[in-house]
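Enquirer: For reference, the structure I am asking about is given below.
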Amino acid sequence: MSGVFAPSSRSRRSILSSSSRAAPQPSLPPCRSTSAPLTTSSTSSSRAPPGRKWHTGTVPGLTLSHFCEERERECARESEGKELQRGRRMVKAYIIDILKRSSGIWASELVSNLDVFWDNIESSLSKSSPASYFLPLQQFLFTFLCKVLAGADASRDPKIAESGHIMLDRWLALQLLPITSIGILQPLEEIFLHSFAYPSFLVSGDYNNLYNFVKQQGKDTINRGEIGFGLTQEEAIHNLLFVLGFNSFGGFTIFLPALFGAIAKDPALQEKLKKEARENGGSTLSFDSVKEMPLVQSVVYETLRMSPPVPLQFGRARKDFRLTSHDSVFDVKKGELLCGFQKIVMRDSLIFDEPDLFKPDRFTEEKGAKLLDYLYWSNGPQSGSPTLSNKQCAGKDVVTLTAALIVAHLFRRYDSITGDGGSITALQKPK
Ligand code: HEM
């Protein structure tokens, strides 16, 4: 967590979970093998921030040997933390490499899989209306993401082609259930659903099927993880599956219905999107095409602002730093836990006019471009870049470009869409 949130005073209570007003703790002394009672030196007060005092005197019940043990434990935690950090960076570098390598096929794979998706919806609509698009959308996402991220063709494994997305759903549900609010009678939900982690054997069959599929069909991508990034085969497969299933499949499964819902309810907006998508971007859709479609992009950004798919982030401060908001400065101490809640941050009335209103063109033109500094859905500003030393989503650009391409493709194929965030009642083809 690197201070990516600059909350307004209105929102700061929900952003910072540990107050800077908490009494500072004495720093740990170097290890010494003595059991003399622990006293914190008054000289350390010279290191206290202005206006603050360190505690002085004996800390009840603690001796230096207690403190040495605690220091050793902290050293162990720190070295374990460093090891984890190294691993995290390695995996992020691997994922960024995958995204670079797949950029050549991303748009064409997207378009061809979208055609299959819309053909399915049309066929469902011809039988009955409304047509729920949740499962066809997931099937499309699964096939598409396997190809562009793992280089794996789902159609080569009939069981996976048919139900790979359902296997992912079950695997995700088991991980998310302990933290998902489903609104049944409290305290039953807390007691029976949120009090323990579910045993992994419940989904190990699904996980193993997906694991073996990626191992068989994604050999080149796995090799790249082993040779280029020093991962073991198991680490490469597991992390690839995690990014594919949790980050990408899970993220788009939440985001795209919100995007379709926002568009479907506004016929006037659809007219404008149709015009822009057909008049710009050349005959074949690519990432460059959507860069010529500012309204399409703005609608994508506005959906992410109003309905961020992953609204909560937690992080522990790696060092002391100051976090500033519009009118306050907070001292954050190393080790403190911070929580960022995007739904408040991205509705800051000092930044966004009428923050609770969905304004499709909010992010267009020069004024709109400046607002990208405050669009945080990816755990960092939309104007920033994911790197190995920050925690911003590695898929930040590919997510918004993919969503914009989906909108452009929709309005090249149809004149209008009627429905909501869960189902489609009509698709009007150009006459
Ligand atoms: C709509 C889709 C997506 C959403 C909403 C989303 C959102 C996020 C968010 C909020 C985080 C920060 C999580 C945290 O630290 O608490 C994150 C991290 C990450 N995302 Fe995404 N993501 C999406 C798609 C993708 C895609 C397509 C990829 C890559 C193929 C990806 C790769 C990653 C990685 C590797 C991280 C970890 C970054 C780090 O810890 O440094 N995400 N994502």
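Enquirer: Scan segment 323-351 for residues that are open to solvent by 50 Å² or more (accessible area, probe 1.4 Å), more than 19 Å from A258 (Cβ to Cβ) and in contact (Cβ under 8 Å) with a residue 60 or more places away in the chain and jot them down.
Expert: Within segment 323-351, T324, H326, D327, K333, L337, S349, L350 meet the criteria.
Enquirer: Which members of segment 297-319 meet the condition of being away from the ligand (no atom under 12 Å from the Cβ) and assigned to a helix (DSSP H, G or I)?
Expert: Selection gives Q297, S298, V299, Y301, E302, R305, M306.
Enquirer: In addition: Is one or more of the residues making up segment 352-359 crowded, with 17+ Cβ neighbours inside 10 Å, away from the ligand (no atom under 12 Å from the Cβ), assigned to a loop (DSSP other than H, G, I, E, B) and free of Cβ contacts under 8 Å to residues at least 60 places away in the same chain?
Expert: Looking for residues that are crowded, with 17+ Cβ neighbours inside 10 Å, away from the ligand (no atom under 12 Å from the Cβ), assigned to a loop (DSSP other than H, G, I, E, B) and free of Cβ contacts under 8 Å to residues at least 60 places away in the same chain, one finds at least one in segment 352-359, hence yes.
Yes/no matrix, rows are residues, columns are (1) open to solvent by 20 Å² or more (accessible area, probe 1.4 Å); (2) under 27 Å from S112 (Cβ atoms); (3) part of a strand (DSSP E or B):
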position	(1), (2), (3)
N379	yes, no, no
T387	yes, no, no
Q392	no, no, no
D397	yes, yes, no
T400	no, yes, no
V407	no, yes, no
L410	no, yes, no
G421	yes, yes, no
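Enquirer: Can you name the number of the only condition in (1) within 15 Å of Y301 (Cα to Cα); (2) open to solvent by less than 20 Å² (accessible area, probe 1.4 Å) that F249 fails?
Expert: (1)
Enquirer: Within segment 231-246, can you find the residues that are without any contact (Cβ under 8 Å) to a residue 40 or more places away in the chain and open to solvent by 40 Å² or more (accessible area, probe 1.4 Å)?
Expert: Answer for segment 231-246, where residues must be without any contact (Cβ under 8 Å) to a residue 40 or more places away in the chain and open to solvent by 40 Å² or more (accessible area, probe 1.4 Å): T232, Q233, E234, H238, F242.
Enquirer: On to the next question. Which condition from (1) of a type in the set (A, V, I, L, M); (2) crowded, with 17+ Cβ neighbours inside 10 Å; (3) free of Cβ contacts under 8 Å to residues at least 40 places away in the same chain is the one that L141 breaks?
Expert: Condition not satisfied by L141: (3).
Enquirer: Now for a separate question. Answer yes if at least one residue in segment 255-276 is open to solvent by 30 Å² or more (accessible area, probe 1.4 Å) and touching a Cys at 6+ places or on another chain (Cβ under 8 Å), and no otherwise.
Expert: No, segment 255-276 contains no residue that is open to solvent by 30 Å² or more (accessible area, probe 1.4 Å) and touching a Cys at 6+ places or on another chain (Cβ under 8 Å).
Enquirer: Looking at the structure I just gave you, is K100 of a type outside the set (V, I, T), under 24 Å from I222 (Cβ atoms) and surrounded by fewer than 22 Cβ atoms within 10 Å (Cβ to Cβ)?
Expert: Considered against the rule, which asks whether it is of a type outside the set (V, I, T), under 24 Å from I222 (Cβ atoms) and surrounded by fewer than 22 Cβ atoms within 10 Å (Cβ to Cβ), K100 comes out as yes.
Enquirer: Same structure, new question: Determine whether S286 is out of contact with any strand residue (DSSP E or B) (no Cβ under 8 Å at 6 or more places or on another chain), hydroxyl-bearing (S, T, Y) and within 16 Å of the ligand (Cβ to nearest atom).
Expert: no
Enquirer: Given the options Q392, Q342, Q382, name the one that is of a type outside the set (V, I, T), in contact with a Ser or Thr (Cβ under 8 Å, 6 or more places away or on another chain), within 16 Å of the ligand (Cβ to nearest atom) and under 19 Å from S298 (Cα atoms).
Expert: Q382
Enquirer: Between a first residue in segment 279-300 that is over 17 Å from W106 (Cβ atoms) and open to solvent by 20 Å² or more (accessible area, probe 1.4 Å) and a second residue that is modelled with pLDDT under 95 and assigned to a helix (DSSP H, G or I), which pairs have beta carbons less than 9 Å apart while being 6 or more apart in sequence or on different chains?
Expert: none
The values are calculated or read from the model by the stated rules, or taken from the named source; none is laboratory data. Please read all numbers here as calculations on a predicted model, not as lab measurements. Positions of Cβ are generated from backbone atoms using ideal geometry, with glycine treated the same way; all protein chains shown enter the neighbour counts. Ligands, DNA and RNA are stripped out before the accessible areas are found, and what is left, the full protein with its side chains, is counted by its heavy atoms. Shrake-Rupley method; radii C 1.70, N 1.55, O 1.52, S 1.80 Å.
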